[in-house]
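The values are calculated or read from the model by the stated rules, or taken from the named source; none is laboratory data. Remember, it's a predicted structure, so these values are computed and weren't measured experimentally. Because the Cβ atoms are built from the backbone with ideal geometry, glycine has one as well, and the counts that use them run over all protein chains shown. All accessible areas refer to the heavy atoms of the entire protein, side chains included, with ligands and DNA or RNA removed. Shrake-Rupley method; radii C 1.70, N 1.55, O 1.52, S 1.80 Å.
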Amino acid sequence: MSLSRTLETELDRPNTTSGRVKAESGGSIVEVDVVELDRLGARVGGIKVRRGKPGDVATQAMAAPGNLRHLGEGLTPIEVEPSLGGAVLRSAPEEMDGGEFWQLSIGDSGREAELGRYQVGKSGKREQKPFTLTREHLRRTVDGMEHALEGRSQTEPSTAGSV
Amino acid sequence: MSIIDKDLDRFKEIVRGKVRRELRKYMSSREMLGRQGKKTVSIPIPDIQIPRLRYGKNEQGGVGQGEGDEGEPVDGEGQASDKPGEHSLEAEVSLEELARIIGEELELPRIQPRGSRQVDSAKARYTGISLVGPESLRHTRRTYKQALKRQIALGTYDPRRPVIIPIKEDRRYRSWKVAVEPSFAAVIIYMMDVSGSMGQKQKDIVRLETFWIDTWLQHNYRNLETRFIIHDAKAREVDRDTFFRTRESGGTLISTAYGLANQIVQAEYPVTDWNIYFFHFSDGDNWSGSDNNKCVDLLKKHMLPVANMFGYGQVDSHYGSGRFLHVLKENFPDDQRLILSRIPNREAIMDSIREFLGKGR
């Protein structure tokens with residue numbers, strides 16, 4: 001079973017409503033900070049995907065935007081530093097004050113990727129915000145992050161979950 | 001003072017007033033940097049018009065002589081002209097003058113230099129008189145005075161018919177004397193984060209900041225050296241042009257820049273002889289907490305003890321402000337040598353300059 005499917009099984013457990021939900025499959029681990037959950041979607045604080053093998057950070061940073069296109073705001077590699085084993089990708093916030101943006105951090109020599117939503121306050125301070133995804137989008141996001149870590153250029157159109 | 005000198009002085013006063021009134025605008029104007037010469041800067045002043053003579057018959061007899069009643073709007077119809085438009089006036093202001101204006105407007109105290117050794121600088125001044133010299137430097141008054149003395153001594157001067165005719169021996173010329181003035185030496189080391197998160201807007205802000213800092217410090221120190229360091233995950237020393245043009249896509253390791261700046265100072269600028277200034281500009285997104293700790297360590301042990309001041313300017317990007325400013329605030333809450341400034345946009349440059357230079361260090 002794929003990592004996203006395993007996560008879905010965990011989310012569907014009757015006692016899962018909020019908190020950190022963890023799922024593991026094929027040597028990869030996904031952790032989702034769930035704020036609220038229902039049958040259709042989830043409000044999450046952040047998503048972290050980790051796999052056993054390191055990867056080429058530059059390739060992963062190039063692969064990530066295509067794999068996470070469904071988030072609606074295109075990610076761009078901002079800093080790619082193979083010597084430090086990481087990269088930062090962000091989407092462009094629409095406005096300076098109060099603008100929100102996605103941030104995908106690849107770290108630990110390409111072993112992990114973390115996705116978060118941030119907002120810039122009036123004082124310039126950056127705060128992490130929870131964001132809402134449908135179950136379908138959550139699954140595609142986890143798949144996308146996993147594929148990006150594998151260096152695969154684009155997620156295949158997801159048919160899983162559609163009945 | 002001749003009439004033309006009076007007019008020129010009055011014009012300069014108007015320009016000065018204009019620059020003063022709109023200093024905030026000029027300080028944040030990127031356009032102005034392109035007009036910078038070696039010792040002067042051209043400032044566009046659109047509101048000032050130079051009076052000029054217009055030839056022709058004076059038939060109209062002044063303004064407001066046409067048809068229509070007072071207050072009646074002028075017919076706005078018409079076509080665009082095919083003639084070139086008038087350009088706004090540009091006034092040349094010397095950097096020295098500009099520094100004086102900044103100093104007065106921002107109420108910046110004169111810097112109190114430190115260092116035991118003063119560097120001697122030679123400056124030529126036309127204070128002497130010589131018997132030989134080029135005609136362009138002939139001192140007319142002294143020449144005639146000499147001729148008068150000679151004529152009186154020879155008894156050829158008639159007060160009823162006061163004609164003075166200088167001969168070759170009467171001629172006097174201006175000559176210069178070289179005055180040796182002691183002055184203090186200073187070095188500024190500019191450091192800039194050029195990692196992927198620093199965009200063109202942020203670099204423009206840094207460029208303007210450095211221009212004003214340079215102008216002020218040059219006004220205070222005759223012997224001023226500037227060094228430039230750029231860094232992403234690695235630091236390197238570059239020339240001024242490269243400093244402002246380079247953009248990298250790498251990560252940010254601030255400690256690399258601090259390490260290199262420290263090496264340069266230790267190798268070339270003994271603290272006893274030099275006034276040392278560090279300025280670092282970044283968006284504050286350092287790669288890791290461990291690198292923040294390294295920076296704090298370098299500052300505490302090596303850089304702050306030798307520096308007149310260390311200015312850190314954190315430039316906001318679309319992605320907000322990074323953590324590094326807070327790291328420095330937390331680690332150096334009361335250190336007068338470390339001056340921190342957050343620069344959210346171009347309009348904040350003036351306040352930031354005041355923060356950096358307002359302590360007279």
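Tabulated values for the structure
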{"read-out": "Scan of region B:33-62 for residues that are outside any loop (DSSP other than H, G, I, E, B) and either closer than 16 Å to residue B:96 by Cα or modelled with pLDDT of 75 or more (or both), ordered by number", "value": "B:33, B:35, B:36, B:40, B:41, B:42, B:43"}
{"read-out": "Leading residue by the ranking (least open to solvent (accessible area, probe 1.4 Å)) among those in region B:273-291 that are under 26 Å from the mean Cα position of the chain (by Cα) and at pLDDT below 90", "value": "B:275"}
{"read-out": "Selected residue (only one of A:33, A:12 is of a type in the set (Asp, Glu), open to solvent by 50 Å² or more (accessible area, probe 1.4 Å) and without any contact (Cβ under 8 Å) to a residue 12 or more places away in the chain)", "value": "A:12"}
{"read-out": "Candidate set from region A:72-88 (those that are in a helix (DSSP H, G or I) and out of contact with any helix residue (DSSP H, G or I) (no Cβ under 7 Å at 6 or more places or on another chain)); member that is most open to solvent (accessible area, probe 1.4 Å)", "value": "A:83"}
{"read-out": "Hits in region B:330-347 (condition: free of Cβ contacts under 8 Å to residues at least 40 places away in the same chain and either within 13 Å of chain A (Cβ to nearest Cβ) or within 23 Å of residue B:216 (Cα to Cα) (or both))", "value": "B:335, B:336, B:337, B:338, B:339, B:340, B:341, B:342, B:344"}
{"read-out": "Filter result for the condition that a residue is closer than 16 Å to residue B:193 by Cβ and in contact (Cβ under 8 Å) with a residue 60 or more places away in the chain, over B:213, B:254", "value": "B:254"}
{"read-out": "Within region A:38-66, tally of residues that are crowded, with 18+ Cβ neighbours inside 10 Å, in a helix (DSSP H, G or I) and in contact with a strand residue (DSSP E or B) (Cβ under 9 Å, 6 or more places away or on another chain)", "value": "5"}
{"read-out": "Subset tally (residues that are in contact with a helix residue (DSSP H, G or I) (Cβ under 6 Å, 6 or more places away or on another chain) and open to solvent by 40 Å² or more (accessible area, probe 1.4 Å)) for region B:234-272", "value": "2"}
{"read-out": "Every pair of residues 6+ apart whose Cβ atoms lie under 8 Å, when the first sits in region B:307-323 and is more than 8 Å from every other protein chain (Cβ to nearest Cβ) and surrounded by fewer than 24 Cβ atoms within 10 Å (Cβ to Cβ) while the second is among the β-branched types (Val, Ile, Thr) and in a strand (DSSP E or B)", "value": "B:307/B:276; B:308/B:276; B:309/B:339"}
{"read-out": "Within region B:330-347, considering residues that are charged (D, E, K, R) and at pLDDT below 90, the one nearest to residue B:316 (Cα to Cα)", "value": "B:346"}
